[in-house]
Structure formats: structure tokens, C-alpha cells
Amino acid sequence: MFPKPFLAAILAALTALVPGIANASSETGYTYYETGDLSAPASHAPSLGLMLIGGADWSKPAWRWFASKAGGGHLVILRASQDGSDGKWLMEHVGGLASVQTLVFSDRKAAFDPRVAQILSDADGIFIAGGDQSNYVRFWKGTPVAAALNAHVEAGRPIGGTSAGLAILGGTGYGAMADEAVDSPEALADPKGAKVTLVSDFLTVPFLANVITDTHFSERDRLGRLIAFVAQARASGNEEAIGLGIDEDSALCVDGNGSGRLYNTSDGHAWLVQPEGAPQFEADGALDWSAVELTGIGPQSRVDLADMTVSNPAFTGTARVEAGALRDVPTPPERREWSLAIHGGSGVIERGDLTPEMEAAYRASLQAALAAGSDVLENGGSSLDAVEMTLRVLEDDPLFNAGRGAVFDAEGRNQLDAAIMDGATLNAGAVAAVSTTRHPVTLARAVMEKSRHVLLSGEGADQFAREQGVEQVDPSYFRTEHRWRQIEEWRKDNLSALALDPTHRFGTVGAVALDKDGNLAAATSTGGLTGKRWGRIGDSPIIGAGTYAANGKCAVSGTGTGEYFIRESAGRQVCDRVAWNGQSIAQAADDTIASIGALGGDGGLIAMDAMGRIAFAMNTEGMYRGAASSDHPAEEAIYADETLANED
């Protein structure tokens, strides 16, 4: 048998070989892991925030938010099972933290360890992982760990939890102290039964004093049991008790003032459960409740936990419980399997301005582009592939001011611009003033994927295209007689684009798409303005102006007086209105066009949100446009008074 000093040395040596493990001891009642630099300073002061995760996948944007709340400093993860691998994942895939320490508890005595107390005292942020919340209750309730957690939030530092870790953050929580967890039918049949084990006087977290939380919510059908938890709490004297359920893959991030937004990696929601009045109970204990107000919180919603209100809710409804049976539960909206919207430019297009033959030609061209993009999406292709394929069709169509059919500049040249953006990664590529590349949108994608740049211009962009094998053509390929006559008229009288072609004043083409994986993308392509001079570049290749996409928010492509779209950061503005103002995609699109109009600009845009809902906004008399989705077949429109089934 080896002597203890020798075993300790062996353990220390093994610890040094295993990344992230600093100490493992059954004698102390916990195992300790670390990753990162414990001596590094935080980048800024921590601030109060709550991250409430419903289990399963973690949202990287939510974790970046939490890392910022922690001041970019030192995070402590608390667990009662598993290991410290989450810390390594956070450092490698999220970043923004100096270090992550993990304490895995196996015994209540660890809660009294001075080292544990010091680690928690020094933490810039604390996160409680999933597992079995009964262990957290047994190990921490009434100990220095509970006191340290309360002191942490009282000092204005962020705290979060997922699954079991979220269950204990409410003023009253489901402790899961029985031998088996309770499900919804059991809980509704007897909210005061032995399996409905609620725990109070544990943690004190801002805004959650009267909140009971539950997780894995829709996936495990837990609405019924959360209503039962609230019923027991109210029957026990807490008349203000309400419920907050979080779906899997979803994270509700709440600022220090109580305002919160939802991040998710799928289609989840948060559920605010607010029954009216006191619960009633049948003779056998079954619950009766005549009105349970339910409010769904989605990525476009904003919740205020200070007064428990929700702006732009994802859904609302009033459920009821009769003799332990839950009825009339509202159905959350589902994300479209895939969705596509396109535009071919805007202008003064009134009925009768186009000949029947020309109108039919435009509609056929829009349908052809929709067919190309829809085929990609229906067969499981990416949103990036779909918007590129769609625009390649429009770039080859001489009806549109993009690719073949582009307008001429003052010197009689076709100078083409394009951009593409990946909402999943925020990667983007753009080109300006190219003259020998057949498909500028394909070149823009090559810039995004095969260079470290975002925007290339002129001869350099065409040279890059040749080096990457992107198809080249003679500049004469882009010439059409219609456009040449326009530049000759412009040279003669220096006419505006409106005078040259009022029915197609802004000839930009664009597409936005959502694929089956929930990823958004946007692309735009244009020949610019007739008679443009001095190397003028409009909004189309400017990321955030004429083109923008961000998962969970929106995708946008614009068409109009580019200078105004640039000044208003139109594409990014739509997404910010959705993300931060809680506006619907239609409201955000309309308000953005209104802000452009207030400056004197004209045009339109297409926009799509994370659910695949589509908006068309314009302050012109028409816009060549179309849409298709998994819900509705392809359809096109030209005039301002036309509406599409796919339009929201």
C-alpha cells in the first residue's frame, strides 16, 4: 500500500495532465475545475442580470450577454453532478470571460468549506447548472452557500441557472424532494399532494420573489404542473404567486431594471402564467381554476419582470382547469419550415403604366426567381444557397437593373454592386463597381467565404473573381438596348431615373430566406443609378444599409435612394427595431421606410423575421416583389395595393 504523501503526489501529477482539473477530493465534498486565467482582471465592472435557461442547448448570444454582465471576468458554475467541461466549452465557443471555475458538490459539508466561500465571494458571475434540484436544496439550503448566492445578487452581480439550477431561483421553487418527479396530470389532480414539494426561504433573487419557475416546459408538457405549483403557493398564503416556464433551447435574459428578452436556438418560448383569483379544489383534491392567463414571450417580445408585463407577445390566451383537467391552452406560433421573399426594385408603378405584355413578363420573371430559390429550400438547402440562386436568375434577366440589364454610368460602363450576408454567423461579403463578373452575388459570396475582407471594389474585385474561378464575361454582355437608350437620353438632358423609367425607378434586386435549420440570409444586387459619376456606390453592397441578416432577428434587402438607406442604416435598423423595441417585422419595416421618407428618400425593402414571417414596405407606388414558403405557394405582386398570402 502506498503512503499518503506518495498518493498525493501522484494525484497532483495526474491533475496537471488533465486540463481544467485543479482539485478533486471526496474528503471535501466537492470537486473543483478551472479553465482560463484566474489572475486576469475583469474588463469592466459586473452588473446585475438574470439568465434563465429552459434546459437543453445553450444560446451563444445569451451567454455573451451574461459574460458581459459578469464584466468579462470570472464565472463560477455550480453543479451536483458531471464535471467542468462546460467551462471549457464557454471559453472556446463563447469567450468574453477571463476564467471559469466549476464546483461539483457531492456532500452538504462542502457548503461550509472556506475555500468554497472565497470562490463564490470572488465570482463576477454565478451560474447554477442542471441536474437534480433536490441535491441543491439538501446541500445548500440554510448554509453559507445560500448566503453567498444571496450576497452575490445583492451586490449587483449576475446569476443564472438552467433546468434544476433555474428551479431554485424563484422565491418558491419545486424542490423535487419526493422519490419521483411529479407530472402535470398528477399535479393537477392533487396540487397539495405529497409529490408536489415546494421549497421556500432558500434564495432571494430580484424580481423572482413571487415567481415559481419550471423548465423543459413545452417539451415535457409541464404547464399543468406549473399551474398546480402556483395553486399550492396561493393556497398557502402567497396570493401574488405566478409561474414562469421556459422551453428548451431558450434563455430569458433580464437586465437589472427587470426588462428582458428571449434568446433561443430553436422555436422555444417563455410562458408567463398568471391565474386570476384564488384556486378552488374538488373534494378529492383536484384543481379548479376558471381563468389562467397565459402570455408567450418570443424573441421579438419584451418582458418587464418589474411589473410582469409583456410587449409584443408571441401569443396570449386564457386557459382553465376543471376537475384537474387543463383546457383551452393557446397554441404557440410555429416557425415556417422555410420561407423566401424577393424584390426586383420599386418605382411609380400604377395600374395601366405597364403594357399587359410587359406586366406578364415581369410576373413570369419573378416566378422564375422564386422557383429557383424555393427548390433549394424545399430540398433542405441553406438560406445562403437560396438567396444566391434566386439572385443569379434575376441577374441574368434583362428586365432588372442587376447583372445583364444593368444601367450605364456617366461614362457608358456597367458598374455592378452586390452583397450577401449569413445570419447564422454574421459573416458577409460584398463587391462594388465590378464590370466583368457575370454574377456579382456569387462574387460577393466568394469574398465572404474565401477572403478575410467584406467589401472589394473595381478591378481588384474582378481580379479576385478571376483568381477564384468565378465566371467572367466581356463587359458587352451586360449591355441591353433599352439601358443604352436610357443613358443616351440622360446624356442629352441629364434626366433623373424617374423621368427615364418611372415604372422601374429603383431597379435593385434582392432576396431574403429562412431555411429548414432556422438560418436567415439576405442578398442584394444592382447596377446602381443611371448616369452615376465619380465612382458612386449606393446602399446595396453596404452591410447594415441595403443588406443585413442576423439569426433570431431578421433579414433585409432594400431598394431605393441608396444615400438615404445608408444614412438610416436601414437593414440593421429593421433588425434593431425587432430585437430591441419588440416590434413585429411588419412594424419594423414600415417604421424604417418612414424614417427614410422623413429624410426625403424613396424606395422599399423586404424583410423576414426568425419565424419566416415576411414584410414588404415601400413609400413608392409599387415594388416588383414575390414570396413563397412552406405554408403558401409562390406568388408575385407589382402594385402597392396587392397583398400576398405569404405576407404578414
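Pairs under 9 Å by beta carbon, first residue free of Cβ contacts under 8 Å to residues at least 60 places away in the same chain in segment 624-639, partner in a strand (DSSP E or B) and hydroxyl-bearing (S, T, Y), six or more apart or different chains?
Once the first residue is free of Cβ contacts under 8 Å to residues at least 60 places away in the same chain and sits in segment 624-639, its partners that are in a strand (DSSP E or B) and hydroxyl-bearing (S, T, Y) give A637/Y624.
Could you check how many residues of segment 316-332 are under 29 Å from S259 (Cβ atoms), out of contact with any Lys or Arg (no Cβ under 9 Å at 6 or more places or on another chain) and at pLDDT 95 or above?
4
What do you reckon, is A194 of a type in the set (G, A, S), touching a Ser or Thr at 6+ places or on another chain (Cβ under 6 Å), surrounded by fewer than 22 Cβ atoms within 10 Å (Cβ to Cβ) and not in a helix (DSSP H, G or I)?
The answer is no for A194.
Residues are listed down the side, and each one gets a yes or a no for (1) assigned to a loop (DSSP other than H, G, I, E, B); (2) of a type in the set (D, E):
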{"site": "G460", "(1), (2)": "no, no"}
{"site": "Q463", "(1), (2)": "no, no"}
{"site": "R466", "(1), (2)": "no, no"}
{"site": "G469", "(1), (2)": "yes, no"}
{"site": "Y477", "(1), (2)": "no, no"}
{"site": "R483", "(1), (2)": "no, no"}
{"site": "Q486", "(1), (2)": "no, no"}
{"site": "E489", "(1), (2)": "no, yes"}
{"site": "K492", "(1), (2)": "no, no"}
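Look through A372, A368, A314, A325 and report the one residue that is surrounded by 14 or more Cβ atoms within 10 Å (Cβ to Cβ), in contact (Cβ under 8 Å) with a residue 40 or more places away in the chain and over 26 Å from the mean Cα position of the chain (by Cα).
Going through A372, A368, A314, A325 in turn, the sole match is A325.
Select, from R392, R351, the only residue that is of a type in the set (K, R), in contact with a helix residue (DSSP H, G or I) (Cβ under 8 Å, 6 or more places away or on another chain) and touching a residue at least 12 places away in the same chain (Cβ under 8 Å).
Criteria check complete, one pass: R392.
Identify, from the list S540, S595, the residue that is at pLDDT 95 or above, open to solvent by less than 20 Å² (accessible area, probe 1.4 Å) and among the hydroxyl-bearing types (S, T, Y).
S540 is the lone residue from the list that is at pLDDT 95 or above, open to solvent by less than 20 Å² (accessible area, probe 1.4 Å) and among the hydroxyl-bearing types (S, T, Y).
Taking only segment 251-274 into account, find how many residues are open to solvent by 10 Å² or more (accessible area, probe 1.4 Å), within 24 Å of R225 (Cα to Cα) and over 17 Å from the mean Cα position of the chain (by Cα).
2
Would you confirm, using the coordinates I've provided, whether P206 is surrounded by fewer than 22 Cβ atoms within 10 Å (Cβ to Cβ) and in contact (Cβ under 8 Å) with a residue 40 or more places away in the chain?
yes
Could you tell me which residue of segment 375-410 is farthest from T508 (Cα to Cα), considering only residues that are acidic (D, E) and buried (at least 24 other Cβ atoms within 10 Å of the Cβ)?
By that ranking, first place goes to E388.
Contact list please: Cβ distance under 9 Å, first residue in segment 134-145 and surrounded by fewer than 21 Cβ atoms within 10 Å (Cβ to Cβ), second residue among the basic types (K, R), pairs at least six apart or on different chains.
R138/R108; T143/R108
Give the residue, chosen from A617, A637, A628, that is small (G, A, S), under 21 Å from R577 (Cβ atoms) and open to solvent by less than 20 Å² (accessible area, probe 1.4 Å).
Matching residue, one of A617, A637, A628: A617.
Is it the case that some residue within segment 76-85 is in contact (Cβ under 8 Å) with a residue 60 or more places away in the chain, surrounded by fewer than 20 Cβ atoms within 10 Å (Cβ to Cβ), within 21 Å of T265 (Cβ to Cβ) and not aliphatic (A, V, I, L, M)?
Taking every residue of segment 76-85 in turn, at least one turns out to be in contact (Cβ under 8 Å) with a residue 60 or more places away in the chain, surrounded by fewer than 20 Cβ atoms within 10 Å (Cβ to Cβ), within 21 Å of T265 (Cβ to Cβ) and not aliphatic (A, V, I, L, M).
From the set of residues in segment 560-585 that are modelled with pLDDT under 95, β-branched (V, I, T) and crowded, with 24+ Cβ neighbours inside 10 Å, which is nearest to G603 (Cα to Cα)?
Filtering segment 560-585 for residues that are modelled with pLDDT under 95, β-branched (V, I, T) and crowded, with 24+ Cβ neighbours inside 10 Å, the one nearest to G603 (Cα to Cα) comes out as I585.
For segment 333-342, does any single residue satisfy the condition of being part of a helix (DSSP H, G or I), modelled with pLDDT under 95 and either in contact with a strand residue (DSSP E or B) (Cβ under 6 Å, 6 or more places away or on another chain) or open to solvent by 10 Å² or more (accessible area, probe 1.4 Å) (or both)?
no
Hand me the list of helices (runs of 4 or more DSSP H) wholly inside segment 28-132 holding 1 or more residues that are of a type in the set (K, R), within 30 Å of the chain's Cα centre (by Cα) and modelled with pLDDT of 95 or more.
Hits in segment 28-132: 60-69, 85-93.
So that you can scan it fast, the table gives a plain yes or no per residue for (1) modelled with pLDDT of 95 or more; (2) surrounded by 15 or more Cβ atoms within 10 Å (Cβ to Cβ); (3) under 36 Å from the mean Cα position of the chain (by Cα):
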position: V447; (1), (2), (3): yes, yes, yes
position: L456; (1), (2), (3): yes, yes, yes
position: V473; (1), (2), (3): yes, no, no
position: S476; (1), (2), (3): no, no, no
position: R483; (1), (2), (3): no, yes, no
position: D493; (1), (2), (3): no, no, no
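Restricting the first residue to segment 152-178 and requiring it to be under 17 Å from A42 (Cβ atoms), which pairs with a second residue that is among the acidic types (D, E) and open to solvent by 10 Å² or more (accessible area, probe 1.4 Å) meet a Cβ separation below 7 Å and a spacing of at least six or different chains?
Pairs that qualify, where the first residue is under 17 Å from A42 (Cβ atoms) and the partner is among the acidic types (D, E) and open to solvent by 10 Å² or more (accessible area, probe 1.4 Å), are R157/D124.
Within segment 413-442, how many residues turn out to be open to solvent by 20 Å² or more (accessible area, probe 1.4 Å), part of a loop (DSSP other than H, G, I, E, B) and touching a residue at least 40 places away in the same chain (Cβ under 8 Å)?
6
The values are calculated or read from the model by the stated rules, or taken from the named source; none is laboratory data. Computed from a predicted structure; not experimentally measured. FYI the Cβ positions are ideal-geometry reconstructions off the backbone, even for glycines, and counts take in every protein chain you see. Only protein heavy atoms, including side chains, enter the accessible area calculation; ligands, DNA and RNA are left aside. Shrake-Rupley method; radii C 1.70, N 1.55, O 1.52, S 1.80 Å.
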